[in-house]
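Every number in this text was worked out from the coordinates using simple rules, so none of it is lab data. All values derive from a computational prediction rather than experimental measurement. As a convention, Cβ positions derive from the backbone with ideal geometry for all residues, glycine included, and neighbour counts pool all protein chains shown.
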Amino acid sequence: MIPLSVSWDDIGGLVDAHERFLAGAHVDSDVRDPVLDSWKRCRSAGLEPHRLLVPFVPDLAMEDPFLRAAGPVLTRLTASLADVSMTVVLCDGQARMIQRHGGDRQLLNRLDEVNFAPGFCASEAAAGTNGVGTALAERQPVLVLGREHFADCLSPFACAGAPVRNPLSGRVEAVLDLTCLRDDSDPAMLRLVREAAHDIEAALLEQATQREQALLAAYRRAARAAAGPGPGVSPGPGAGAGAAAAGTDTWPRQPERPPWARDDGGRYAEPLGRVDMAVLREKAEELIASPHRTLDEVTLSGNRVATLLRRPIMSESGETGVVVEARVLGGPHLRHTQLLPPPAEAPQGQPPP
């Protein structure tokens with residue numbers, strides 16, 4: 001890795017943009033969209049850049065199957081970074097740090113001073129914009145450099161984080177992060193952490209039973225046949241109703257302004273954003289995995305509430321799958337299907353319309 005020779009966040013007035021943002025001025029052209037979205041979430045949460053209250057939970061741990069899958073990947077990644085001052089961080093699905101590997105003493109001392117250490121929470125709501133919390137909020141890999149951090153105390157650092165999903169359910173199980181001092185950063189950090197997250201997901205899939213792997217294979221075939229072109233939401237391998245098999249992840253396209261999407265004044269609601277779609281997907285998969293539950297609700301951006309309904313799909317041979325429908329008041333009506341594997345061979349055809 002080649003460190004950046006100049007701290008790019010000092011170029012173009014990013015520090016000034018942060019100050020203007022806090023003063024309520026428009027900074028859209030000066031700040032990257034994911035960072036600006038994060039700053040807005042931080043402001044809405046009432047965070048103050050000069051003061052953080054980071055929760056601490058002692059003796060955090062993750063389940064053994066996940067650690068068995070992640071362990072070799074973390075070991076290889078840490079060894080590959082032995083000659084640079086960078087630490088490899090594993091956080092759980094709530095952005096709480098479980099493990100921290102590598103990094104020299106100077107870096108680790110600096111990180112301890114800002115509570116970026118095992119047991120502390122790095123969620124956006126607690127620590128502001130950062131590689132762990134923002135990757136979790138955005139549901140995709142992110143790179144945060146210097147003054148892009150919302151909190152003043154984190155501006156000396158650079159971090160790249162990526163969610164790690166369960167390849168069968170699509171649920172975010174963890175967040176993997178690389179952190180260093182800003183002047184030691186490199187754009188390759190984002191690629192490294194993304195590839196490592198995918199390696200952990202592949203190891204998790206290898207641990208799955210033959211039945212689970214057969215289900216995933218059938219699910220991908222059906223999804224590939226049923227899913228039309230649409231925006232990718234990067235849910236991870238095999239996750240979601242529209243996940244295609246050839247390395248692409250899609251969500252069924254939102255309906256084109258159906259009549260029921262109008263509000264009481266006859267106006268169409270704003271379409272769901274990528275993060276809302278990812279949240280709906282995760283909630284749908286949780287409902288699919290809960291046979292004794294039929295309803296759930298989730299709050300989306302703009303205080304919109306989505307109601308999710310779980311219904312079994314029946315055929316002459318019995319239950320062949322599950323469909324989850326999500327209705328958003330003033331928003332699109334989405335359907336999320338999960339196929340069930342037959343006793344012998346993978347199902348043919350495609351999921352019900």
Inset, instruction - Pull up all non-local amide H partners of T129: gap of 5 or more, or a different chain, and H-to-H distance under 5 Å with H placed in the peptide plane. - result: F150, A151
Inset, instruction - Could you compute the FRET efficiency for T307 and E212, with r as their C-beta to C-beta distance and R0 at 35 Å, rounded to 0.05? - result: 0.75
Legend entry - Tail beyond 15 Å, pair distance distribution of segment 131-181 (Cα, percent): 43 percent
Inset, instruction - Please report, to two decimal places, log10 I(q)/I(0) for segment 9-120 at q = 0.10 Å⁻¹ as given by the Debye formula with identical point scatterers on the Cα atoms and no solvent. - result: -0.44
Legend entry - Shape call, segment 58-174: gyration tensor on alpha carbons, a/c limit 1.5: oblate
